[in-house]
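Reading through the structure tokens given below for one structure.
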Amino acid sequence: MSKSRASIFEDSDTETLDVGSFSPKPTIDQKAPPAEQVRAVSQAANFKSREPAAVKAESKTTKRSPRRYRTGRNVQLSVKALAETVDAFYAITDQQHWVLGYTLQRAIEALQRELKQSQ
């Protein structure tokens with residue numbers, strides 16, 4: 001006797017599948033303990049919640065508009081700095097109507113002059 005799988009393309013009128021006993025699960029599990037009891041047990045056991053922390057109302061950094069200029073500068077420099085330093089850098093750039101790369105270039109040139117004079 002060979003075991004063969006039933007074909008899904010074959011018309012089988014010999015037996016009708018009864019799905020009447022299947023039904024959706026209830027929305028509330030009647031066997032589950034109340035949420036207050038679960039919360040009390042988890043707090044007593046020092047269980048840390050996996051829910052996300054509340055989002056701060058106001059962020060220190062402000063969202064800036066993207067700056068896209070064709071300047072020939074093609075090397076990216078990514079640095080970590082204090083928020084005040086970054087804000088001052090952007091403020092100088094905006095006041096002088098420069099692009100960020102030019103502001104950095106001018107700052108490096110000024111620092112090199114200052115270091116050369118102090119030697």
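Here are a few things to note about the model shown:
- Surface composition of the chain: carbon plus sulfur atoms hold 53% of the accessible area, using a 1.4 angstrom probe and ignoring ligands, DNA and RNA.
- Modelled label positions at K80 and K31, each set 7 Å beyond Cα in the direction of Cβ, lie 5.0 nm from each other.
- Added length on full extension, which subtracts the Cα-Cα distance from 0.36 nm per residue, R70 to A40: 4.8 nm
- The string of couplings for segment 79-94 from the Karplus curve (6.51, -1.76, 1.60, θ = phi - 60°) is 10, 9, 9, 5, 4, 5, 5, 5, 4, 5, 4, 5, 5, 4, 4, 5 Hz, one whole number per residue in order, with x for Gly and Pro.
- Shown in residue order for segment 19-28 are the 3J(HN,Hα) couplings computed by the Karplus curve 6.51 cos²θ - 1.76 cosθ + 1.60 at θ = phi - 60°: 10, x, 7, 8, 8, x, 5, x, 5, 10 Hz (x for Gly and Pro).
- Zone of V99's modelled label, taken as backbone nitrogen in segment 66-85 under 13 Å from a point 7 Å along Cα→Cβ: 67-76
- Folded to 0 to 90 degrees: helix 100-118 orientation relative to the chain principal axis, Cα: 40 degrees
- Segment 19-97: trypsin sites (Lys or Arg not before Pro) falling in loop per DSSP and having at most 11 other Cβ within 10 Å: K31, K48, R50, K56, K60, K63, R64, R67, R68, R70, K80
- Segment 55-119: C-alpha pair distances exceeding 14 Å, %: 70 percent
- Normalised per residue, the accessible area of the chain is 108 Å², obtained with a 1.4 Å probe and no contribution from ligands, DNA or RNA.
- Helix-only [θ]222 nm of the chain, DSSP H runs n ≥ 4, -39500 (n - 2.57) each, per residue, nearest 500: -11500 deg cm²/dmol
- Structure-derived Rg/Rh (Cα atoms, Kirkwood Rh) - corresponding label in (1) 1.03; (2) 0.96; (3) 1.42: (3)
The values are calculated or read from the model by the stated rules, or taken from the named source; none is laboratory data. Only a predicted model underlies this, so the values are computations on that prediction, with no experimental measurement involved. Cβ atoms come from the backbone with ideal geometry, glycine included; neighbour counts cover every protein chain shown. Ligands, DNA and RNA are stripped out before the accessible areas are found, and what is left, the full protein with its side chains, is counted by its heavy atoms. Shrake-Rupley method; radii C 1.70, N 1.55, O 1.52, S 1.80 Å.
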